[in-house]
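Accompanying notes for the structure given below.
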Amino acid sequence: MHRALEITEIVSSIVSECQSDPWSSFGGLAALARCQIFHEQAMDLLWKDQVTILNLIRCLPDDVLTVKNQGHSYELIFHRNPHPSDWTRVLYYGRRVRSCGIDHTLGGGVKKVFQVLRTRASGDYLLPNLVELRWRPVYSIESYTDIDLFLGPMVSSISIFWLSAPTSVLDTIVRTRPSISTVRIYDIIRGETLPEQLALQSRFSSFACSLPNLTSLSLDICVDTEAILHLGKVPHLKRLVLGPPAHPRSSLVPSTLPTDLFPDLEIFSFTGKDEGLVYLTTLVRSWANPPLESFRIVLRCKSHPTSASVNELLCAVSEHCSHDALQRINLGIHVPADQGRNNERVALTGRAIQHLLPCSFFTDVTFHLSAGYRVDDHDILMMAMAWPKLRRLRFTGNADRQSCDASLQALISLAKHCRDLNILVLTFDATRIPPLPPHEQLLYPPLTTFDVGDSLIVDAQGVAGFIYTLFPSISELETSLENDDLNDLEDRSPEFAERLVCHKVWKAVEERLRDFQAIELASEHEGRTISS
């Protein structure tokens, strides 16, 4: 044996390098595990992350159980109860597991599995070094009471899916792991009546108030004001994800909230319904200028918000978040299509976006507002100059509310200032082709995906040449009709006919862009051939 293999760091480096290839890591680690030098570290990595506990259960002797593959799940047939000695292999491998999922692959016998696990050798946890637990045994509501089997002393992260009747499982977490740092609870099964829903919200609010060391909390439900006040004071809370409140007025924070909450927040996401903008604006105004990196809002409203309400929210974000940290913003406000055009109440304007211009580190900006938006060439120029690190810029809305206030001049602004832009979604007026700037003023961003929405266009050849000069890397050009059945023309309006004409012209632009790229590629190939 080479003396270098006596150095632990070198052995670790070799094992880690083997793990780095996702296609061959399992076979490579299994091979290393057969060598005494690498055995322990290779086995640790092989067992570190378990999608399901099934592999561990299979470590029981063959005369204890039989595992039958049922397609999407497994049937576990126990022939006898395990003896203490039968748990030796299970505990040997179980101490290596750091992340584990308990899911539906255990099938309908999940309760029996947990009963057997409770008979394991006493004096130790089944997974004593488990750090992350993912819990989704969907076939049995009762199985949630068995979560304590896996709440070992090292558990710091819990993810729970499809949760119903949450009282017992929440109580168990608070009782056994009050210092837990990461909690994610998704797809909460709500009650059918308003009192049931309010009680559920109150229960989750109390749960949140019982966890003093959270760094990340994701709930598929909102929490009340008391919980917001508690979470806002939790040291080092960096991620907060909240779902819709049980009732529009059940969790609105008062306007007298303090202004020193959430000082360390980095990621915030909220999914709500009507009155969500009012709630969010009030909440954001309570923030203590946190280093927020990501701000994501999805609202599904019955009626269109006003541009004033959107303006107030973006103003609050600008005034109460660090301008040097914010990198991603995603604001989606969805309203049923039967609410009409509502052109008089466009939700997003250039004036509202001006609040975000001081945030110079944006890489991803997405606005989807069913009520529409109005941005012009000057607005796009200001954004391009203010956000030079921009990679993705998306403006979308319902088809009959998308604005054409911008023109092809907006593309010049982006090509001159946004070096890394690779995704663009924008509706504009392409009927007039402006003169191109000198080549030395262009950055030639690596734009590959370009969604033009319902942009007006006449001259396919001229526009294709214009766009190719600015963005020669485009590989995908889409319109708002990209996924529509264009052969089903029944009950189509004259407006749709105009959109269809523009769609066909843009498809011609896409073909010409490919021709330009093919010519360029052939020219480069010919040049290399001559040089060689």
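Here are the numbers for the structure shown:
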read-out: Residue within region 444-453 that is open to solvent by less than 30 Å² (accessible area, probe 1.4 Å) and in contact with a Cys (Cβ under 6 Å, 6 or more places away or on another chain) present; value: yes
read-out: Residue satisfying all of: in region 105-146; part of a helix (DSSP H, G or I) and of a type in the set (Phe, Trp, Tyr); modelled with the highest pLDDT among these; value: Phe114
read-out: Residue match in region 238-255 (condition: modelled with pLDDT of 95 or more and open to solvent by 50 Å² or more (accessible area, probe 1.4 Å)); value: yes
read-out: So Arg345, is it of a type in the set (D, E, K, R), at pLDDT below 95 and in contact with a Lys or Arg (Cβ under 8 Å, 6 or more places away or on another chain); value: no
read-out: Every residue from region 159-198 that is open to solvent by less than 60 Å² (accessible area, probe 1.4 Å) and without any contact (Cβ under 8 Å) to a residue 12 or more places away in the chain; value: Gly191
read-out: Matching entry among Val501, Val509 (being open to solvent by less than 30 Å² (accessible area, probe 1.4 Å) and either in a helix (DSSP H, G or I) or of a type in the set (D, E, K, R) (or both)); value: Val509
read-out: Among (1) outside any helix (DSSP H, G or I); (2) open to solvent by less than 40 Å² (accessible area, probe 1.4 Å) - the single one Asp264 does not satisfy; value: (2)
read-out: Failed item in (1) open to solvent by 10 Å² or more (accessible area, probe 1.4 Å); (2) over 26 Å from His230 (Cβ atoms), with Val310 passing the rest; value: (1)
read-out: Selection status of Asp484, surrounded by 12 or more Cβ atoms within 10 Å (Cβ to Cβ) and modelled with pLDDT under 95; value: yes
read-out: All positions within region 302-325 that are assigned to a loop (DSSP other than H, G, I, E, B) and either free of Cβ contacts under 8 Å to residues at least 24 places away in the same chain or of a type in the set (Ser, Thr, Tyr) (or both); value: Ser303, Thr306, Ser322
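The values are calculated or read from the model by the stated rules, or taken from the named source; none is laboratory data. Just so you know, these numbers come straight off a predicted model, no measurement behind them. Cβ coordinates were reconstructed from backbone atoms using ideal geometry, including for glycine residues, and neighbour counts include every protein chain displayed. Side chains are part of the model used for accessible areas, which takes the heavy atoms of the whole protein and leaves out ligands, DNA and RNA. Shrake-Rupley method; radii C 1.70, N 1.55, O 1.52, S 1.80 Å.
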